[in-house]
Structure formats: structure tokens, C-alpha cells
Amino acid sequence: MSPIVISLLGLGILLLLFSQGVHIAFAFAIVGALGVVILKGPTAALTLLGTTPYDYATNSALLAIPLFILMGQFVYVSGISQELFNTAYKLVGRFHGGLALATNIAGTIFGACCGVSMAACATFGTIAYPEMVKYNYDRKLATGCIAAGGCLSDLIPPSNAFILFGVLTSTSIGALFIAGIIPGLILSFLNLVIIYFICRRNPTMGPPGQVFPFKEVLKSSYSVLWVLALFLLVIGGLFAGIFTPTEAGSIGALGAFIIALVRRKLNFSGLKSVLTNSITTTCFILTIIIGAMIFSKFLAISGLSATLGDWISTLAISRHVIMVCILIMYVILGMFMDVLSMILLTIPIVFPLVISLGFDPVWFGVMLTLVGEIGLLTPPVGMNVFVVSGVTKVPVGEVFSGITPFVIMMAVAMVIMYIFPDLSLFLPSIMM
Amino acid sequence: MELGEIRRCSSVLIKIEKYIRYVEKLFIGIGGVLFMALMFLGAADVIGRYFFNKPIQGTLEASELMMGGMILLGWAYTMQINGHVKVDLVVNRYNPRAKAIANIVALILGLGLFCLVFWQSLILAIRFVNEHRVFQILPGPAGPYHFFVPVGAFFLCLELIIQIGHGIQELREGGAK
């Protein structure tokens with residue numbers, strides 16, 4: 001059997017194990033090790049199993065992941081998210097769909113200090129949904145805008161998806177962070193437009209709220225200043241070249257820790273819970289990375305990505321057709337897997353191809369994250385939808401139907417990013 | 001086996017399970033301390049370098065070790081709280097019995113994998129200690145830190161055995177809920 005057939009069989013077995021409920025990290029490592037046994041013999045596979053966990057658990061390039069997770073957890077316990085929502089509501093509450101608009105704005109700002117979209121969904125599901133129910137908002141719109149607003153956390157820096165993509169492809173994580181800002185803001189704006197449009201056409205879905213004097217809006221914007229300061233510290237430091245992404249993570253986590261202490265929101269049991277949640281989240285992400293590295297070693301030995309690249313280069317079709325096919329494949333894959341697993345599974349195969357076609361790696365990182373966001377909202381495995389459904393107790397089917405306009409907006413954002421790549425590449429190009 | 005003997009055995013097993021899970025929790029406590037140290041050390045290094053032109057020597061190596069300890073010792077506890085991600089979509093459509101069997105098979109596969117990881121990483125760690133490996137900047141031997149992997153894998157194996165036991169019990173009672 002040729003190495004290519006073995007690698008394709010390996011991919012098939014991997015997807016089979018995923019579907020049968022085998023833990024993603026374990027499935028990656030099992031198939032990868034078996035593949036290496038067949039291609040290189042048992043000694044190579046056993047050595048790989050012995051060395052990979054330590055090599056990647058102590059890999060300095062991955063240090064930023066736990067630190068940004070810790071930063072997000074400290075911001076969460078500091079109670080800033082509730083105040084962000086209140087401020088945003090005072091600002092836009094008077095418009096049609098004011099509470100939904102406020103949820104999206106607060107989600108955008110919260111994304112600037114939290115890199116995990118599911119955490120943002122859980123946060124605003126708890127804060128914004130009860131308010132929207134109180135003001136008779138349509139349940140589909142309410143849950144849809146929470147799930148969509150949460151997605152912005154993965155695009156607006158800091159983002160774990162960007163860190164992982166950067167590590168796997170040796171692309172600058174700082175450049176990826178900066179490149180995500182404008183696409184994140186565009187997506188947020190598109191969400192605001194669609195919410196306003198829906199509620200304007202059918203005011204019963206999201207009635208306008210109270211008008212607040214500007215003085216009160218300004219007075220309540222105290223919490224925004226905390227987030228703004230933290231964001232400027234982390235992203236400003238990266239942008240100015242003062243520190244690396246890992247150092248930005250340390251400074252950001254310390255800044256968020258100080259904010260939580262100053263606001264008197266952190267006691268010993270709170271700290272214990274923050275640390276436990278951060279460790280277990282980091283642990284599952286890093287274990288998947290360890291498993292995926294064993295699997296990608298198997299793919300590298302088999303030569304699958306090189307063969308695929310050679311084959312595609314012989315096809316007489318435009319590189320844009322190939323890229324659109326790749327993006328459609330990601331949309332489909334994203335329906336069944338989370339963003340991180342999807343990146344780990346496909347990057348060793350797809351990235352060399354994308355580069356050989358002449359696309360910019362930073363731009364591709366942004367597109368990949370954006371397409372991964374669509375996967376978080378689409379059935380059957382839309383993780384953000386499950387989180388929102390779990391928090392709000394609204395049936396999953398209802399949340400899925402509420403998400404449709406936002407998925408369309410994401411597709412629009414993707415088209416815009418595709419036609420105008422400079423929207424994501426402009427800021428990194430002026431980075432120091 | 002008589003009823004009394006079965007009861008004695010099961011009470012011993014429950015005690016063993018309690019102790020194992022206590023150690024797993026203890027590891028998370030150690031991980032928490034390492035996490036805070038990681039944050040403070042990284043920030044102190046940046047502040048020292050930027051404001052006083054005095055970076056802390058060996059920060060990167062120490063940070064790598066802290067992250068390694070935190071993750072590898074946290075393997076078992078993450079498993080205990082069901083923190084390792086899996087795709088349940090197909091399995092959730094199975095009947096309770098088939099679901100319980102799929103769960104046990106997944107756990108056995110994980111156990112097999114981590115037994116191999118334990119074995120290989122233990123050999124490697126012993127070799128590194130015997131070779132007296134050292135760090136580039138940090139003082140002291142580097143070898144002992146390689147024991148994070150076999151220790152983490154050992155407790156993950158114990159946790160997987162506990163969960164397989166619970167899975168079998170669940171299967172005997174009619175399947176997964």
C-alpha cells in the first residue's frame with residue numbers, strides 16, 4: 001500500500017473515531033502513532049509518543065495561550081461584562097432592537113480581552129438574555145445575536161485561534177492579532193445593521209427602549225475605560241514592538257488580575273475557580289495540540305500535502321477557484337468540529353498549498369478564523385449555539401433558526417475580506 | 001464471592017478512587033501556583049527589561065517548565081471533569097447500551113495510548129537524569145522535570161481505569177443516561 005493511500009485511510013479512521021466519541025486529542029495521537037508504525041516502524045512511533053508530550057507542553061511558542069485564557073477569566077470575574085452591557089444599552093437602547101444592538105457592542109468590546117468565543121456567549125447569555133425577555137424581544141433574535149456577538153471574541157485580538165495558526169504556520173502572531181481588528185469591527189458593524197434592519201421592519205421583535213441623557217452614558221462608561229486600557233496595553237505593546245505575544249499575555253493577565261482586585265471582585269475561592277478553569281481549558285487545548293502534532297508527523301512522513309500540492313498545481317484552474325473550494329471545505333468541516341481541531345487537522349495539508357498558490361499567510365489566517373466562526377453557529381455541531389441554548393434554556397433548534405441572518409452577515413464579511421484583502425493586511429503592514 | 005467480601009472490596013475501591021482523585025486535585029493546586037508564578041514572572045521580566053534594562057535571566061526556560069508542569073499534571077483532573085473535548089453528535093443518537101459501550105471503548109483506547117506514553121516517557125526521563133542533562137541558563141539538572149510526563153500519564157491512566165469501571169457499572173445497570 002502506498003504512503004498516500006495509508007494517509008487517506010488514516011484520515012478516514014480519524015474521522016470515524018471522532019464520530020464515535022473518542023476524545024479528539026486521543027484520536028489524533030492513536031491514528032498518528034499507528035500511521036508512523038506502518039510507515040516507519042514501531043520504534044519511531046514509540047519514540048514519538050515519548051517525546052511529543054514534553055516537547056509541546058513546554059513549547060515557548062504556545063505560552064501565550066494559557067496567559068490569554070487567564071486574562072479572559074480574570075476579566076470575567078471582575079464583572080466588567082455586565083457594566084459593558086449597561087453602558088452599551090444606555091448608548092443605543094433608544095433604537096429599534098436596542099438591547100440586541102447593545103449585546104453586540106458589548107460583545108465586541110469584551111472580545112478585546114477574551115479570546116474564547118464560548119466564554120463570551122456564556123457571559124452574555126447570562127447577562128443580556130434575561131433583559132431581552134423582560135422587554136419582550138423575539139427569542140430567536142435574542143439568542144441569535146448573543147451567539148453571533150460571542151463569535152467576535154475569536155476574531156478581535158487576543159484570539160487563541162490566531163495563536164495556534166501562528167505557531168503551526170510560523171506566521172507572526174502579533175501580525176495576525178492586528179490583522180483581526182478591522183475584520184472584527186466590520187463583522188460587528190454588519191451585525192448591528194442586520195439587527196436594526198430586522199427590528200425596524202418588525203418592531204415587535206425588538207422594541208426601542210428608554211432614552212438616556214448623554215451625561216448618564218458618559219458616567220456609566222467607567223468600565224469601558226478598564227477594557228480600553230487593557231486592550232491598549234496588550235495590543236498597543238504588540239503593535240509598537242515593545243513585547244512579544246507571550247509577554248503581552250503575561251502583562252494582560254496581570255492587568256486583568258489587578259483590575260479584578262481593585263474592583264474587589266476577587267476573593268480566594270474566586271481565584272481558585274479562575275485558576276482551575278484556566279488550567280483545564282489550557283490542558284484540553286494543549287493535549288489536542290500534542291495529539292495533532294503526532295498526527296501531523298504521520299502526514300508529513302506520508303508526503304500527502306506535497307502530493308496534493310503537486311496534483312493541484314497540474315490542474316488548469318484559477319487559484320481563486322481553488323481557494324473558494326478550500327473555504328467551502330472549511331465551512332463544511334466547521335459544522336462538525338471546533339475551530340482549533342479544524343486548524344490542527346487541516347493546516348499541515350492545506351497551508352503549503354495556500355502559500356504555493358501565492359496567498360498571504362496572514363490574510364489566510366483571518367479568513368480561516370472567520371470561516372471557523374461560521375462553523376460555531378451552524379448545525380449540527382454549532383458549539384456557540386449549544387452554549388447559548390444551555391445558558392438561556394431556549395431549544396437548540398430555535399437558536400439555530402435565529403442565527404441565520406448573522407451567518408449571512410458572516411458570509412458577506414468573508415466576501416468583503418476576499419475582495420479587499422488589504423482590510424486585514426493594512427494594519428500589520430504599518431506595524432513597527 | 002460472598003456478599004460481605006464484595007462489599008469489603010467495593011469499599012476499598014471507593015477509598016482508592018477517593019485518594020487518586022485527591023492527588024489529581026492536589027496537582028491542580030500545584031498547577032494554580034505555577035500559573036500565578038508564570039504570570040508574575042513574565043510580567044516582571046517585561047517590566048525589568050523595559051523600565052530598568054534588567055531582564056530576569058532564564059525567564060523563558062522557567063516559563064516553559066511551569067507551563068509543562070501545569071498541563072501535564074492537569075491531564076487527569078481535566079479528564080475527571082470531562083474537560084477533554086469529544087464529538088458526541090453521533091453517539092448521542094445511540095440507545096443507552098450502545099452509548100455506554102462506545103464510551104467504554106473510547107476510554108480503553110485512551111488507556112492504551114497513555115500506557116504507552118507513560119512507558120516511553122519514563123524511559124526517556126530516566127535516561128535524561130542519568131545523562132545529567134542541564135538547562136541552557138537555569139541552574140540545576142533538567143532531567144527530573146521530564147518526569148512530569150510519566151507522572152501525568154500515570155494518573156491519567158488511573159483516572160481512565162476509574163471511568164472504565166464506572167462505565168461497566170453503568171452498562172450493567174442498563175446503559176448510559
Q) Does B:MET66 satisfy being aliphatic (A, V, I, L, M) and within 7 Å of chain A (Cβ to nearest Cβ)? A) no
Q | Considering residues of the range A:294-321 that are free of Cβ contacts under 8 Å to residues at least 60 places away in the same chain and crowded, with 17+ Cβ neighbours inside 10 Å only, the residue nearest to A:LEU39 (Cα to Cα) | A | A:SER305
Q: Within the range B:73-113, count every residue that is part of a loop (DSSP other than H, G, I, E, B) and either at pLDDT 95 or above or within 7 Å of another protein chain (Cβ to nearest Cβ) (or both).
A: 9
Q) For the range A:278-299, does any single residue satisfy the condition of being outside any helix (DSSP H, G or I) and small (Gly, Ala, Ser)? A) no
Q.
Anything in the range B:114-150 that is within 15 Å of B:TRP75 (Cβ to Cβ), aromatic (Phe, Trp, Tyr) and either assigned to a strand (DSSP E or B) or at the interface with chain A (Cβ under 9 Å from one of its Cβ atoms) (or both)? List them, or say none.
A. B:PHE114, B:PHE148
(Q) Just the residues that are within 14 Å of A:ILE290 (Cβ to Cβ) and facing chain B (nearest Cβ under 7 Å), please, taken from the range A:30-58. (A) A:ILE30, A:LEU49, A:GLY50, A:THR51, A:PRO53, A:TYR54, A:ALA57, A:THR58
Q) Do we find a residue being in contact with a His (Cβ under 6 Å, 6 or more places away or on another chain) and either among the acidic types (Asp, Glu) or buried (at least 17 other Cβ atoms within 10 Å of the Cβ) (or both) anywhere in the range B:37-44? A) no
Q: Starting from the range A:17-29, keep only residues that are more than 7 Å from every other protein chain (Cβ to nearest Cβ), then list their pairs with residues that are modelled with pLDDT under 90 and in a loop (DSSP other than H, G, I, E, B) whose Cβ atoms are within a distance under 9 Å, requiring at least 6 positions of separation or different chains.
A: A:ALA27/B:LYS86
Q.
Criterion first (on the phi < 0 side of the Ramachandran plot and within 12 Å of chain B (Cβ to nearest Cβ)) does A:CYS325 satisfy it?
A. no
**Q.** Restricting the range A:1-10 to residues that are free of Cβ contacts under 8 Å to residues at least 40 places away in the same chain and assigned to a helix (DSSP H, G or I), the residue that is farthest from A:ILE289 (Cα to Cα)
**A.** A:VAL5
Q: Considering each residue of the range B:24-40, count those that are closer than 19 Å to B:CYS157 by Cβ and within 7 Å of another protein chain (Cβ to nearest Cβ), and give that number.
A: 2
Q: Restricting attention to the range A:182-206, report how many residues are part of a loop (DSSP other than H, G, I, E, B) and either in contact with a Cys (Cβ under 8 Å, 6 or more places away or on another chain) or within 22 Å of A:PRO158 (Cβ to Cβ) (or both).
A: 1
Q) Can you tell me which residues in the range A:277-313 are out of contact with any Gly (no Cβ under 7 Å at 6 or more places or on another chain), under 19 Å from A:THR58 (Cα atoms) and among the hydroxyl-bearing types (Ser, Thr, Tyr)? A) A:SER278, A:THR281, A:THR282, A:THR287, A:SER296
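The values are calculated or read from the model by the stated rules, or taken from the named source; none is laboratory data. Because the structure is a prediction, the values reported are computed rather than measured. Backbone-built Cβ (ideal geometry, glycine too); neighbour counts: all protein chains shown.
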